[in-house]
Amino acid sequence: MNLQYTPKTYRKLGFEKLEVAEIVSRLNITLCSYQVFYHKLQNFHWNVVGSDFFDIHDLTEELYTTSVADIDRVAERIRVFGETPKYRLSSYIRDSIITETSHDKSAEFMMKELVDDIQKLIETILDVHEYASRNGDVSSTRMAEDLIAKLEISHWKLTAWSNRQYKK
């Protein structure tokens, strides 16, 4: 049996041009959404007031510090494919599934907003995972799994905080 490899007309890291474009498109949506999420975390960090100040101030700092590394990881994955990650603020706003918010919100609103935003981020990353795994992109799949695992823990913690009940 003589098997022969027939090269395709265009391949980048084993992927065809359309596959690269689709993977990068999904990664860019995640990148843009993560960037808006990051800035929302900073907004809440700087502008939280009230009796929950220390909890939310510390928590949002922890989350935006982690987000910077995750954003970098997504952007570098796009670069691996030889593409340029979205970098304009206007692109972040336009292509994000997470929206901006104002600064004058209650602690409860901030936590609910972050829980909802984490859910949206997970959805974008699941889309990356689904497409990447369907097309044999092991590295993007692994990255997506790592990001989702971290976000699920944050989602759980924020949900637990926002569902707290006071006892007399």
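Provide the FRET efficiency to the nearest 0.05 for the T101-R134 pair, computing r from the beta carbons and using R0 = 30 Å. It comes to 0.30. The lysine pair tally for the chain, using Cα distances under 17 Å and a gap of 8 or more places or different chains, is 8.
Angle of helix 17-47 to the longest C-alpha principal axis of the chain, folded into 0 to 90 degrees and rounded to 10: 10°. Basic side chains Lys and Arg get +1 at the Cβ, acidic Asp and Glu get -1 at the Cβ, and with that the dipole of the stretch 12-135 about its Cα centre reaches some 640 debye.
As I understand it, the dipole of the chain uses +1 on the Cβ of Lys and Arg and -1 on the Cβ of Asp and Glu, about the Cα centre. Which of Q4, H45, I56 lies farthest toward its positive end? Working it through, the farthest residue towards the positive pole turns out to be Q4. Angle, helix 138-162 long axis vs. longest principal axis of the chain, Cα atoms, 0 to 90°, nearest 10? Compared with the principal axis, the helix lies near 10 degrees. Using a probe of 1.4 Å on the protein chains alone, the accessible area found for H57 is around 50 Å². For the chain, the longest principal axis of the Cα atoms and the long axis of helix 107-134 meet at an angle of about 10 degrees.
Maximal additional length on extending the A21-I93 stretch stands at 23.8 nm, based on 0.36 nm per residue less the C-alpha distance. For the stretch 57-116, the solvent-accessible area of protein heavy atoms averages 58 Å² per residue (probe radius 1.4 Å; ligands and nucleic acids excluded). Ellipticity at 222 nm from helices only: DSSP H runs of n ≥ 4 in the chain, each -39500 (n - 2.57), divided by the residue count, give -25000 deg cm²/dmol. Each Lys or Arg adds one and each Asp or Glu subtracts one; over the other residues with Cβ under 14 Å from the Cβ of I125, this totals -3. Kirkwood hydrodynamic radius of the chain, from the reciprocal of the average inverse Cα-Cα distance over all distinct pairs: 17.3 Å. Summing charges over neighbours of D95, with a neighbour being any other residue whose Cβ is under 14 Å away from its Cβ, gives +3 when K and R count +1 and D and E count -1.
At 1.4 Å probe size, with the rest of the protein present, what percent of the exposed accessible area of the chain is carbon and sulfur atoms? Summing carbon and sulfur atoms, their accessible area is 53 percent of the total for the chain.
The values are calculated or read from the model by the stated rules, or taken from the named source; none is laboratory data. Quantities reported herein were computed from a predicted structural model and do not represent experimental measurements. All Cβ positions, even for glycine, are placed from backbone atoms using ideal geometry, and neighbour counts span all protein chains on display. Heads up: the accessible areas ignore ligands, DNA and RNA and are worked out on the full protein's heavy atoms, side chains in. Shrake-Rupley method; radii C 1.70, N 1.55, O 1.52, S 1.80 Å.
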